1. Would you be able to tell me the number of residues in the range 63-102 that are loosely packed, with under 14 Cβ neighbours inside 10 Å, modelled with pLDDT of 90 or more and of a type outside the set (D, E, K, R)?
2. Taking the range 1-25, which residues are outside any helix (DSSP H, G or I) and crowded, with 22+ Cβ neighbours inside 10 Å?
3. Which one is surrounded by the most Cβ atoms within 10 Å (Cβ to Cβ) among residues in the range 136-166 that are charged (D, E, K, R) and assigned to a helix (DSSP H, G or I)?
4. Residue by residue through the range 103-135, note down the ones that are part of a loop (DSSP other than H, G, I, E, B), modelled with pLDDT of 85 or more and not acidic (Asp, Glu).
5. Looking only at the range 33-52, which residues are in a loop (DSSP other than H, G, I, E, B) and touching a Leu at 6+ places or on another chain (Cβ under 7 Å)?
6. Report every pair of residues separated by at least 6 positions or lying on different chains whose Cβ atoms are under 8 Å apart, first residue within the range 60-77 and closer than 21 Å to Asp146 by Cβ, second among the aromatic types (Phe, Trp, Tyr).
Amino acid sequence: MRVYVPLTLSRLAEAYKAGELGPEPLTAYAVTPALREWYVSDDIEELEYAALNRAGLASLRLIAGDPGAARRRVVLAADVPDAALEAEPEQEVSGLGQVRIAGVLGLKKVAAVHVDAVDAERDVAAAAEVLGAADQGDGDARFTVDGVEDHELLWFATQEIPGLLG
């Protein structure tokens, strides 16, 4: 199954150096039954895009929790066996598509890396700053957070990771 793992650039650097992501369990996003039901689509590409966007929001949360992290969302797309996944309870919309990966995830299983362009940094920084207020129902803050989705995550091959890390 294709999963989308939210990261930060610094966490990507650590994973690249180690050749794997871990320790377990790793949080990721995938096309789960609850995500299919919520998104109301049979188009797998649309559903995968929805899972990628959910991982992008989770990456934003990681950035918000780490003042030293670069203000660019990072998501790894990887293919893992279904047996290595455990679905998370999805009672709330915020948990839709969330799964746990048992064990470490070797970078050889990574199909691609999705990263914000440099021009998204300002909007990502603003969204990270107000994420807590958005979660509490502040409409202006929610607008700022939602605005980050105007920036498409760019696709990079795994061979391009060293260039992303600079």
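The values are calculated or read from the model by the stated rules, or taken from the named source; none is laboratory data. Please read all numbers here as calculations on a predicted model, not as lab measurements. FYI the Cβ positions are ideal-geometry reconstructions off the backbone, even for glycines, and counts take in every protein chain you see.
1. 3
2. Let us first name the residues in the range 1-25 that are outside any helix (DSSP H, G or I), namely 1-8, 19-25.
If the condition is that a residue be outside any helix (DSSP H, G or I) and crowded, with 22+ Cβ neighbours inside 10 Å, then Val3, Tyr4, Val5, Pro6, Leu7, Leu21 are the ones that fit.
3. Here is the first cut: in the range 136-166, the ones charged (D, E, K, R) are 138, 140, 142, 146, 149-150, 152, 160.
In the following step, the residues that additionally are assigned to a helix (DSSP H, G or I) were identified as 140, 142, 146, 149-150, 160.
Details: Asp140: 10, Arg142: 17, Asp146: 12, Glu149: 14, Asp150: 8, Glu160: 13.
The selected residue is Arg142.
4. Start the filter on the range 103-135 by keeping residues that are part of a loop (DSSP other than H, G, I, E, B), which leaves 103-104, 116-117.
Next cut, modelled with pLDDT of 85 or more only: 104, 116-117.
Passing the criteria: Val104, Ala117.
5. Filtering the range 33-52 for residues in a loop (DSSP other than H, G, I, E, B) gives 40-43.
The answer is Ser41, and nothing else.
6. Once the first residue is closer than 21 Å to Asp146 by Cβ and sits in the range 60-77, its partners that are among the aromatic types (Phe, Trp, Tyr) give Val75/Tyr4.
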